[in-house]
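Asks: This is the structure, below, for whatever I ask next.
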Amino acid sequence: RIANITGLMAAEYDNFGSTLVALGNNSAAFESEILEMTNRLAGMGSIVEASNAQLLGIATTLVSVGIEAESGGTAFSKLLGNIELAVETGSEKVRQYAKVAGLSVQEFSAAWRKDAVGAVTAFIDGLGDLDSQGQSAIVILDEMGIKEQRLRDAVLKLSEADGLLTNNLELANSAWADNNALTEEAEKRYSTTESKITLAKTAIDNLKITIGDELLEQFDGFIG
């Protein structure tokens, strides 16, 4: 379903899988949760031209801060949609987003059109820095008209996560490029299975020694 929405090519499935595994192994989110959240983000993510790696990174962060897929996916998608509308219509709200992100209106708009996820990350990081500047993130969001509880809670949780979104996006992009986490995970599984088989064979050999080979002759074909 994600591939149908985002245009993910079959040749990129390994990259997607490797990124998913890498994020799951290095976060407080399970792969199944990341997938569900990514599916919720895919529609609006495609509109703002977010990459699949970026969507996985965002999804991981939302899950890691305790946001459920249904509410979190809708909330973050709404944030992306609001900024997209503001930028494309030249709304006064762009100034507010830009100010929080520490950019001029022109800089923020250009950043958004080049890399929407990077721009929204700058906005979220900016919110996280407001307390140190003696300002209230809740008050700023209220002034911006971001009053819906789910949306506000999601944005605040992300802003309070101390760079977690940035870190997960970097990990996602790196894992996508490296494309080896899925192979490494498989090798671990194969290695574990091989070890269990070896232990089982050792146990059988010990059993033979304990009760005698003669009694087990009739089972030779089965034991191998």
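The values are calculated or read from the model by the stated rules, or taken from the named source; none is laboratory data. Given the structure is predicted, the values throughout are model-derived calculations rather than measurements. No Cβ is skipped: glycine too gets one built from the backbone with ideal geometry, and neighbour counts run over all protein chains shown. Keep in mind that these areas ignore ligands, DNA and RNA; they rest on the heavy atoms of the full protein, side chains included. Shrake-Rupley method; radii C 1.70, N 1.55, O 1.52, S 1.80 Å.
Asks: How long is the gain from Ser174 to Thr89 if the chain were fully straight, where each residue apart is worth 0.36 nm and the alpha carbon distance is subtracted?
Replies: Net length gain for the segment: 27.2 nm.
Asks: Let me ask something else about it. How large is the convex hull of the Cα atoms of segment 1-100 per residue, expressed in Å³ as a whole number?
Replies: Per residue, the Cα convex hull of segment 1-100 comes to 101 Å³.
Asks: On to the next question. Can you give me the solvent accessible area of Glu88 with a 1.4 Å probe, rounded to the nearest 10 Å²?
Replies: Result for Glu88: roughly 100 Å² accessible.
Asks: Are there trypsin sites (Lys or Arg not before Pro) in segment 1-101 that DSSP marks as loop and that have at most 15 other Cβ atoms within 10 Å, and which are they?
Replies: Counting only loop positions with at most 15 other Cβ atoms within 10 Å, the trypsin sites (Lys or Arg not before Pro) in segment 1-101 are Arg1.
Asks: Moving to a separate point now. Can you tell me how segment 33-155 classifies by the Cα gyration tensor, rounded, prolate or oblate, using a/c under 1.5 as the rounded cut?
Replies: Verdict is oblate for segment 33-155.
Asks: What does the accessible area of Thr74 come to, in Å² to the nearest 10, when a probe of 1.4 Å is used?
Replies: It works out to around 80 Å².
Asks: Quick check: residue separation of Glu143 and Ser32 times 0.36 nm, minus the Cα distance between them. What number comes out in nm?
Replies: That works out to 36.3 nm of additional length.
Asks: Here is a further query. Give the accessible area for Ile47 in Å² (nearest 10); use a 1.4 Å probe, count only protein heavy atoms, and leave out ligands, DNA and RNA.
Replies: Result for Ile47: roughly 100 Å² accessible.
Asks: I've got another one for you. Do any trypsin sites (Lys or Arg not before Pro) in segment 106-164 lie in a DSSP loop with no more than 12 other beta carbon atoms within 10 Å, and if so, which?
Replies: Answer in residue order: Lys147.
Asks: For Ser136 and Thr74 in one chain, what is 0.36 nm times their gap in residues minus the Cα-Cα distance, to one decimal in nm? Please list the in-between numbers first.
Replies: Values: separation 62, 0.36 × 62 = 22.32 nm, distance 2.44 nm.
Extra length available between Ser136 and Thr74 comes to 19.9 nm.
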